[in-house]
Amino acid sequence: MNSTTEVEDALALGDLATPIYLDYNATTPCDPRVVDAMLPYFTQVFGNPANGLHPQGRKSARAVAIAREHVAALIDAQPHEIIFTAGATESNNLAIFGLARGFGRSARRRIVTSAVEHKAVLWPCERLQAEGYELEILPVDDQGRVDLEAAAAVINDQTLVVSVQAANNETGVLQPVAALADLAHAHGALIHCDAAQAMGKIPVDVAHSSIDLLSASAHKLYGPKGIGLLYVRGGAHAFGLQPQTLGGGQESGLRGGTSNVPAIVGFGEACRICCELGSDESVRIETLRNHLEKGLVDAIAPLTVQSRSAARLPNTSSLTFPGIDADALLLNLPNVMMGTGSACNSGAIEPSHVLLAMGVSRDDAFSTIRATLGRFTTIDEILSATHAITSAWQTLK
């Protein structure tokens, strides 16, 4: 099969084997237990939690409160420090713009972030730069780790916020958030962490890491799409955050709009399950990830596993096949669902900004795919995927 249309036609006709999903960092399927928890709040308990004058509203409000407790427990926060949003993108925007628009911080005009952040952080920072803020973008080493010496050199008393992710969505590399928090706090600045990829995969402890603000999404940890959180240390009004969505004053006045009760309940249940499973799930997934990498490295001599020597998420592999176009490889793998870091900007395909920041050549960046495993990945799927990827590479090389 040589075209997207042919692959889509084959899928529609059902003449392909059962698909293997290895794109969990893009999104996860809802855990069936999450769906079961959500269902009553569509048709049975459907009241608006802002209305406490009747049982429907009170039951919904109680469900939201319980979910907030479950979400807070997963990151060692207090329930009143959790602000529900539509997802990590909104949370990142609320954190960055909310601080910049906040009262009492107008003298601080420097924003610090890293070269490997998600666009949901980079683009708001660039918007503030266009408005007159000073933007410092921290470099990373060849493994994708933020340079702490560079951070120490640019974080100063003019810094408003340092925004650095907990883990990268393409390489899985973990960043030294606690060390960056120490540098920021030494100058009176705040630390914001995009933890969309980390929460639910590795322990995230906001107290231990001294994080001031943290963003995450439910759909990255087997919850529903369209719901996320912004953690604010000390509560919604601790740092003078200004709301970016005005309405009915929900979420302590920081995010207006009728609460999405079913999604909030699903987010809470997803976090409860993650707490229940603990580290056992991560250990199992990391074993499968290592099996996949070993099988591919043994079979494909030129293959490079990006960031292999760095601390990574247990589920993430960034795989470079020199001389092979990543899109062509994926089109020859209609039964294995993975992703690339390439993006379409202004009508032109551009390679991953993450890989380029690590010093990976443009050619190699275009030859890199991302395989990410999850809760429902099996050893049989890993064995089948290894064989399929090897066969597709042999065809294309």
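Let me see the P(r) profile for region 195-264: every Cα-Cα distance counted, bins of 5 Å, each bin given as a percent of all pairs.
All Cα pairs considered, the percentages come to 3, 15, 22, 23, 21, 13, 3, 0.
Specify the angular offset, from 0 to 90 degrees and rounded to the nearest 10, of the alpha carbon long axis of helix 88-100 from the longest principal axis of the alpha carbons in the chain.
With rounding to tens, the tilt is 50 degrees.
Roughly speaking, what is the stretch gain from residue 80 to residue 50, that is 0.36 nm per residue apart minus the C-alpha to C-alpha distance, in nm to one decimal?
Using 0.36 nm per residue and subtracting the Cα-Cα distance, I get 9.2 nm.
Just the number: Rg to Rh for the chain, Cα atoms, Kirkwood Rh, two decimals.
That ratio is 0.98, to two decimals.
Once the Cβ-Cβ distance between residue 187 and residue 126 is put in as r, and R0 is 30 Å, what FRET efficiency do you end up with, to the nearest 0.05?
0.85
Using modelled backbone amide H atoms (1.01 Å from N, in-plane), which distant-in-sequence or interchain residues come within less than 5 Å of residue 173's amide H?
168, 313
Given springs between every Cα pair under 10 Å in a Gaussian network model of the chain, which of 267, 97, 376 has the largest fluctuation?
376
In sequence order, what are the phi-derived ³J(HN,Hα) couplings for region 143-149 according to the Karplus relation 6.51 cos²θ - 1.76 cosθ + 1.60 with θ = phi - 60°, rounded to whole Hz, with x for glycine and proline?
Taking θ as phi minus 60°, the curve returns 9, x, 8, 5, 7, 5, 5 Hz for region 143-149.
Multiplying the sequence separation of residue 158 and residue 242 by 0.36 nm and subtracting their Cα-Cα distance, what value in nm do you get?
Full extension of this stretch gives 28.3 nm more.
What accessible area per residue, rounded to a whole number of Å², is obtained for the chain using a probe radius of 1.4 Å?
42 Å²
Equivalent ellipsoid semi-axes for region 110-196, as square roots of 5 times the alpha carbon gyration tensor eigenvalues: give them largest first, rounded to whole Å.
18, 15, 11
Rounded to the nearest 10 degrees, what's the angle between the helix 177-186 long axis and the longest principal axis of the chain, both from Cα atoms, 0 to 90?
40 degrees
Can you give me the relative contact order of the chain as a percent, contacts being Cα pairs under 8 Å and 6 or more apart?
23 percent
In the structure displayed, which of 225/397; 119/220; 59/201 lie more than 28 Å apart, Cα to Cα?
Flagged as over cut-off: 225/397; 59/201.
HN-Hα J couplings of region 189-196 from phi, Karplus 6.51/-1.76/1.60, θ = phi - 60°, integer Hz, Gly and Pro as x?
With coefficients 6.51, -1.76 and 1.60, one gets 8, 9, 10, 10, 10, 7, 10, 4 Hz.
Can you give me the long-range amide H partners of residue 211? Hydrogens built in the peptide plane at 1.01 Å from N, cutoff under 5 Å, separation of 5 or more residues or another chain.
Amide H to amide H, under 5 Å and 5 or more residues apart or across chains, residue 211 pairs with nothing.
Each residue of region 237-246 in turn: what ³J(HN,Hα) in whole Hz from Karplus with 6.51, -1.76, 1.60 and θ = phi - 60°, glycine and Pro shown as x?
Whole-Hz 3J(HN,Hα) from phi for region 237-246: 9, 5, 10, x, 4, 9, x, 9, 10, 9.
May I ask you to give the percent of accessible area on the chain that is carbon plus sulfur, with a probe radius of 1.4 Å?
54 percent
Report the antiparallel proportion of the DSSP beta bridges in the chain as a percent, rounded to a multiple of 5.
Working: 23 of 42 bridges.
Counting only bridges with both partners in the chain, antiparallel ones make up about 55 percent.
With every protein chain left in place and a probe of 1.4 Å, what is the accessible surface of residue 20, to the nearest 10 Å²?
Accessible area of residue 20: about 10 Å².
Which value in nm describes the separation of the simple spin-label points at residue 396 and residue 384, placed 7 Å from the Cα toward the beta carbon?
Placing both labels 7 Å along Cα→Cβ, they lie 2.1 nm apart.
Provide 126, 293 ordered by accessible surface of protein heavy atoms (probe 1.4 Å), highest first. Write down the numbers at each step before the final one.
Details: 126 80, 293 5 Å².
Largest accessible area first, the list is 126, 293.
Amide H neighbours of residue 197 under 5 Å, at least 5 residues apart or on other chains, H built in the peptide plane: list them.
Result for residue 197 returns 167.
The values are calculated or read from the model by the stated rules, or taken from the named source; none is laboratory data. Keep in mind the model is a prediction, meaning the values are calculated, not measured. Cβ: placed from backbone, ideal geometry, glycine included. Neighbour counts: every protein chain shown. Heavy atoms of the whole protein, side chains included, go into the accessibility calculation; ligands, DNA and RNA do not. Shrake-Rupley method; radii C 1.70, N 1.55, O 1.52, S 1.80 Å.
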